[in-house]
Amino acid sequence: DAHSVLEVRVTPYAASQLMMVVRDVTLIKQLEEMRRDFIANVSHELRTPLTVMSGYLEMFDPDMAPPPAMWGKAQQTMLEQCKRMASLVEQLLALARIENSDKPDFEEEVDISDMLMNIYREAEQLNQEKHHSIELNVDESINIIGKEQELRSAFSNLVFNAIRYTPEGGEIIITWQKNGRGVEFSVEDNGDGIAPEHIHRLTERFYRVDQARSRDTGGSGLGLAITKHVLSRHDSHLNISSKVGEGSVFSFSFSNERIKNKKLETEF
Ligand code: ADP
């Protein structure tokens with residue numbers, strides 16, 4: 001009847017089994033949520049440039065052809081949007097490649113100082129509008145055993161971010177130097193800095209502190225997610241320290257086992 005009490009006795013073993021099931025269900029739910037978020041984010045990122053492009057293409061209706069004076073601007077905007085989509089797809093593929101593949105045995109010896117000079121040259125182009133002063137302190141004698149293509153994206157993402165997220169006329173210091181335990185790479189900027197509540201989320205796919213502004217800078221929102229994976233495949237991890245109003249330092253280290261000292265030319 002309505003007043004009777006149902007008594008359920010749960011043995012400790014059954015209770016622990018139940019806990020495991022509950023934990024599994026929570027994990028599955030979290031994974032499902034992440035998957036849904038990811039698809040929503042990708043769709044959103046692709047939809048924006050498509051909307052812009054179809055707007056311009058509609059203008060080219062034969063019945064209401066736009067004046068030739070507008071063609072240049074239309075062509076330029078559509079090209080920019082195509083490049084943005086291409087870069088997003090490229091980054092998604094890069095992420096999928098490193099997320100899905102096992103950690104390989106790296107054989108390549110990577111000349112980091114040479115790589116940093118190349119990144120610096122590319123950075124100068126991006127810096128044309130920003131007029132930052134960029135200082136490069138590189139120890140040329142240290143090579144790394146790793147995967148060149150992956151390492152290039154890890155190093156360049158941090159350098160390009162510093163340029164993009166630092167207001168005009170900033171100072172950026174790039175350092176690649178030995179310390180007691182191995183070698184450290186750091187990129188320091190005196191930009192706006194990042195509030196503590198955002199810092200631990202920056203390496204999530206598509207996480208941005210300021211959605212609108214970051215998109216304007218041409219970023220895909222995947223750079224730091226890629227960097228994190230690349231570093232973990234090289235037994236390293238990304239450190240971020242930042243102070244609002246003062247700037248940020250992004251850094252990572254490699255232990256001595258991964259270092260290959262460059263043979264320096266000796267003359268007899
Ligand atoms: P995005 O393509 O948006 O740059 P990232 O994964 O490279 O994606 O970076 C994620 C977010 O981290 C950026 O949107 C930006 O808000 C923040 N961020 C990254 N680097 C810096 C920096 N040097 N200074 C301030 N904010 C940064």
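Condition (residue is in a loop (DSSP other than H, G, I, E, B), surrounded by 16 or more Cβ atoms within 10 Å (Cβ to Cβ) and modelled with pLDDT under 90) applied to region 59-72: is it met by at least one residue? No: zero hits. Quick one: is L46 surrounded by fewer than 11 Cβ atoms within 10 Å (Cβ to Cβ) and of a type outside the set (G, A, S)? Against the criterion (surrounded by fewer than 11 Cβ atoms within 10 Å (Cβ to Cβ) and of a type outside the set (G, A, S)), L46 does not qualify.
Residues of region 127-171 that are over 16 Å from G223 (Cα atoms) and of a type in the set (S, T, N, Q): N127, Q128, S133, N137, S141, N143, T166.
For R152, the conditions (1) charged (D, E, K, R); (2) under 17 Å from the mean Cα position of the chain (by Cα); (3) exposed (fewer than 15 other Cβ atoms within 10 Å of the Cβ); (4) in a helix (DSSP H, G or I) all hold with the exception of (3).
Each residue in region 133-149 was checked for being at pLDDT 95 or above and exposed (fewer than 14 other Cβ atoms within 10 Å of the Cβ), and 3 of them qualify.
From the list N190, N157, the one residue that fits, being in contact with a Leu (Cβ under 8 Å, 6 or more places away or on another chain), within 11 Å of the ligand (Cβ to nearest atom) and not acidic (D, E), is N157.
Filter region 160-185 for residues that are among the small types (G, A, S), over 15 Å from L224 (Cβ atoms) and within 16 Å of the ligand (Cβ to nearest atom) and give the result. The answer is G169, G170. Does E129 satisfy the criteria of being under 24 Å from A225 (Cα atoms), open to solvent by 50 Å² or more (accessible area, probe 1.4 Å) and either in contact with a helix residue (DSSP H, G or I) (Cβ under 9 Å, 6 or more places away or on another chain) or of a type outside the set (A, V, I, L, M, F, W, C) (or both)? When the stated conditions are applied, E129 does not pass them.
The values are calculated or read from the model by the stated rules, or taken from the named source; none is laboratory data. From a predicted model like this one, the values you see are computed outputs, not experimental measurements. A quick note on method: Cβ atoms are made from the backbone with ideal geometry, for glycine too, and the neighbour counts reach across all protein chains shown. For the accessible areas, the whole protein counts, side chains as well, though only heavy atoms, and no ligand, DNA or RNA atoms are used. Shrake-Rupley method; radii C 1.70, N 1.55, O 1.52, S 1.80 Å.
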